[in-house]
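Visitor: Quick one: the structure is below, questions incoming.
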Amino acid sequence: MVTQSAPIFSLQAPKDISVSEIEAELNQIWQSYGVAGEDGGLPAATRAKTFTLIVYEPEETQQLLAALGYYSGPIDGIPGPRTASAIREAQKVFGLEKTGKSSPELLIKLREEQSKRRGVVDSSTAATAYAMDTRSPAVADAIASRNPCRIIALCPVTGEDEGVKAQVSAYCPIQKQSATTLICCEYITLTGTVEALERVVGMVPDLLIGGLPKFLWWKATPEPDHPIFKRLVASCNSVIFDSNSFTQVETNLIRLQELIDAGMTIFDVNWSRLAAWQELTAEAFDPPQRRAALGEVDRVTIDYEKGNSAQALMFLGWLASRLNWRPTKVTTETGDYDIKRFYFMAEGDREVEAEIAGVPTASDGDVAGDLIALRLTSTNPAANCSTVLCSETSGCMRMEAHGGAQAGIVNQVTSLADQSAEELLSQQLQRWGRDVLFEESLAVTVQMLKLANS
C-alpha cells in the first residue's frame, strides 16, 4: 500500500550559497513570507519548529555495487580500495574502461541492472531508491507531510576535493485542515567529498534548532569510528539506521547493540517492517484454547528473500525474547538456501529448534530480505499451536507442505502502510524515544549471532 503525500508548495527553490550564509539566507526567506501575499492568494508561511533531522546520504555507487553483489564492505561514502576494486569488477562486466572510479556511465549501467533484478520496466527512476535528489524535496516528502521540520542533508560525493557546496530551500506541505497557514520545512544541503564535509561538520551543531529534538538518520552502515558519525552523534538525541541496507548484516547488528550499550537511542527502520508479522503471530495465540499451547512451540521455520537476513534474525530475536528462550547453539548449512539453525533452551528445559532460510526469488523486491513465510509448530502431536503466516500463496504452500499433519491457523500477512524508509521513519518521528521492545529483541538477536561467530 502506498501512502499519498500531501501536495508540496515550493517556498524557496534550492539556492546555492556559501556555507557561512546559511542561517542568514533562511532568516531572509521567513522575513519575506511571514505574511500573506497582497492578493490574498498565498497563505502566511511560517518555519517549522518541531525538530531537526540530519541525513547522511552516501553517494549511490557503493549502495548499487552492494545490491548487485560486487561490494560487501561498509556503505560509508568513502571510496577506498575495496570500493575501487568493486568498481573495476563492475566496469569489466559492463565493458567499460577499468578506472576504479565511479562515472555517470557506470551509474547508468548499475541502475539498469538493478531495475532488471527488481522487475522494473522503466529504469529512469531507479536511482531514487538510492540517492537524494538535492534539486527537490522528494527524499523527505513523507516526513515533511507529517512532520514539518529542519532537514540538514550531508551528501558525500566522489571526485576531486573542491570544497563544500551549500544549498538552502523551503517547502510547505499543504494540509486541508490548515489552509490559512503553511507550516514549512527548511532544507539545508551540504555536498562535497568526505574530506571536505569533515572540515565543515563542526558547524552543523550551530544549525540545529535549540531546545528541540535532534535526530541523525545515518543512511549508511554503522561505523562508530567514522569521523563524521562521531561528530554528529554527539549532538543528537537519537540515531536512525535501516538494516535493510546493511552489507554485513550480522556484524552490523552487533554494532547496533554496541551503540545501545554505549548509551545511544537507536531506531532501525527495518524493525518497523516486522510489525504486521509480530501482530499476527501474537493474535494467533489470543484465543484461550491456544494461549496455553504457546508453551508447546519448539519448532520454528522462517523463510526470507535471500540476500539480507536482518528481518529474519530480528523476528526470531523478538520471538525468543517474548518466550524467554535462551540461545545455546547455532549451525549453518550452505547450498541453494542460506540456512542457519538456532537452538534455544526454553522453560522446563525444553529444547527449541529454529531455522531461518534465505530463499532465492525470481526478482528482488523493493526491500531486500523481506519475510516470505514462517511456521510455528511442536514435536508434541497433541499441541494446538501450529501456525503458518505468509506474504504470498507460494510461501504458504511450502510451509504447509513441510509442516506435518497438525491442523492450525494459516494467515496471509499484508502490510497496512507503505514500507519505504521515509514513510516508516515519518511515523516513528511522531513517537520518538527509546523502543524497549526493539532493544530487548535486538539483545537476544545479538546473543544468537555471537554464538554463531564463536
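The values are calculated or read from the model by the stated rules, or taken from the named source; none is laboratory data. All figures in this text were calculated on a predicted structure; none of them were measured in a lab. Cβ sites come from the backbone with ideal geometry, for glycine too, and all protein chains shown count toward neighbours. Accessible surface is based on the protein model in full, side chains and every heavy atom, while ligands, DNA and RNA are left aside. Shrake-Rupley method; radii C 1.70, N 1.55, O 1.52, S 1.80 Å.
Visitor: Tally Lys/Arg at +1 and Asp/Glu at -1 over every other residue whose Cβ is under 13 Å from the Cβ of Glu23; what's the total? Show your work: numbers first, answer last.
Guide: Details: positive: Arg47, Arg150; negative: Glu21, Glu25, Glu186, Asp206.
In short, -2.
Visitor: Using the Cα gyration tensor of region 309-367, with a ≥ b ≥ c the square roots of its eigenvalues, what is the shape: rounded (a/c below 1.5), prolate (a/b larger than b/c) or oblate (neither)? Mind showing how you got there, number by number?
Guide: Numbers: a/c = 3.84, a/b = 1.82, b/c = 2.11.
Oblate is the answer for region 309-367, as a/c is 1.5 or above yet b/c matches or exceeds a/b.
Visitor: Any idea of Met397's accessible area? Nearest 10 Å², probe 1.4 Å.
Guide: 120 Å²
Visitor: I would also like to ask the following. State the extension gain, in nm to one decimal, for the chain segment bounded by Thr46 and Arg350, taking 0.36 nm per residue of separation less the distance between their alpha-carbons.
Guide: Details: separation 304, 0.36 × 304 = 109.44 nm, distance 6.10 nm.
Gain on stretching Thr46 to Arg350: 103.3 nm.
Visitor: With a/c under 1.5 counting as rounded, go ahead and sort region 149-292 into rounded, prolate or oblate using the C-alpha gyration tensor (a ≥ b ≥ c being the square roots of the eigenvalues; past the cut-off, prolate if a/b is larger than b/c, else oblate). Spell out each step's value before the answer.
Guide: Working: a/c = 2.46, a/b = 1.41, b/c = 1.74.
In terms of gyration-tensor shape, oblate.
Visitor: Follow-up question, since we're still on this one. Rank these residues by their accessible area, most exposed first, probe 1.4 Å: Val297, Val164.
Guide: Working: Val297 0, Val164 35 Å².
Largest to smallest exposure gives the sequence Val164, Val297.
Visitor: In addition: Grab the other residues whose beta carbon is less than 15 angstrom from that of Thr46, score K and R as +1, D and E as -1, and report the net. Can you show the working numbers first?
Guide: Numbers: positive: Arg47, Lys49, Arg150; negative: Glu186.
Computed value for this residue: +2.
Visitor: Related question: Post the alpha-carbon centroid distance, region 302-322 to region 251-281, in whole angstrom.
Guide: For region 302-322 versus region 251-281, the Cα centre distance is 11 Å.
Visitor: Starting from 0.36 nm per residue, how many nanometres of slack lie between Glu440 and Asp16 once their C-alpha separation is accounted for? Spell out each step's value before the answer.
Guide: On the way: separation 424, 0.36 × 424 = 152.64 nm, distance 4.51 nm.
That works out to 148.1 nm of additional length.
Visitor: Could you work out the relative contact order of region 282-352? I mean the mean sequence separation of Cα pairs under 8 Å and 6+ apart, divided by the number of residues, in percent. It would help to have the intermediate numbers written out before the result.
Guide: Details: 60 pairs, mean separation 17.6, N = 71.
In percent, rounded to a whole number, it is 25.
Visitor: With a/c under 1.5 counting as rounded, go ahead and sort region 228-301 into rounded, prolate or oblate using the C-alpha gyration tensor (a ≥ b ≥ c being the square roots of the eigenvalues; past the cut-off, prolate if a/b is larger than b/c, else oblate).
Guide: Numbers: a/c = 2.91, a/b = 2.52, b/c = 1.15.
Prolate, since a/c reaches 1.5 and a/b exceeds b/c.
Visitor: Can you give the charge dipole size of region 192-321 about its Cα centre, rounded to the nearest 20 debye, using +1 on the beta carbon of Lys and Arg and -1 on the beta carbon of Asp and Glu?
Guide: Numbers: 11 positive and 17 negative charges, 45 e Å.
Roughly 220 debye for region 192-321.
Visitor: For region 279-376, with only Lys/Arg (+1) and Asp/Glu (-1) charged at the beta-carbon, what is the dipole magnitude about the Cα centre, in debye rounded to 20? Could you put the intermediate results ahead of the total?
Guide: Numbers: 11 positive and 18 negative charges, 77 e Å.
It works out to roughly 380 debye.
Visitor: Right, something else. For region 69-100 and region 421-454, what is the separation of their Cα centres, given in Å?
Guide: A separation of 31 Å, based on Cα centres.
Visitor: With every protein chain present, what accessible area does Ser85 have (1.4 Å probe, heavy atoms only), rounded to the nearest 10 Å²?
Guide: 60 Å²
Visitor: Moving to a separate point now. Note the full-extension length gain between Ala24 and Trp432 as 0.36 nm times their separation in residues minus their Cα-Cα distance, in nm to one decimal. Before the final figure, lay out the partial values.
Guide: Details: separation 408, 0.36 × 408 = 146.88 nm, distance 2.99 nm.
Net length gain for the segment: 143.9 nm.
Visitor: Can you pick out the pairs among Lys98/Lys306; Lys306/Lys340; Lys165/Lys214; Lys15/Lys165; Lys340/Lys450; Lys49/Lys219 whose Cα atoms lie more than 21 Å from each other? If you can, show how the numbers build up before the last one.
Guide: On the way: Lys98/Lys306 30 Å; Lys306/Lys340 12 Å; Lys165/Lys214 23 Å; Lys15/Lys165 10 Å; Lys340/Lys450 13 Å; Lys49/Lys219 24 Å.
From Lys98/Lys306; Lys306/Lys340; Lys165/Lys214; Lys15/Lys165; Lys340/Lys450; Lys49/Lys219, over 21 Å: Lys98/Lys306; Lys165/Lys214; Lys49/Lys219.
Visitor: Which lysines, if any, have their Cα less than 20 Å from the Cα of Lys92, not counting same-chain residues under 8 positions apart?
Guide: Here the lysines satisfying the reach criterion relative to Lys92 are Lys101, Lys109, Lys116.
Visitor: On the full set of protein chains, 1.4 Å probe, figure out the accessible area of Lys306 and give it in Å² to the nearest 10.
Guide: Around 80 Å² of this residue is reachable by solvent.
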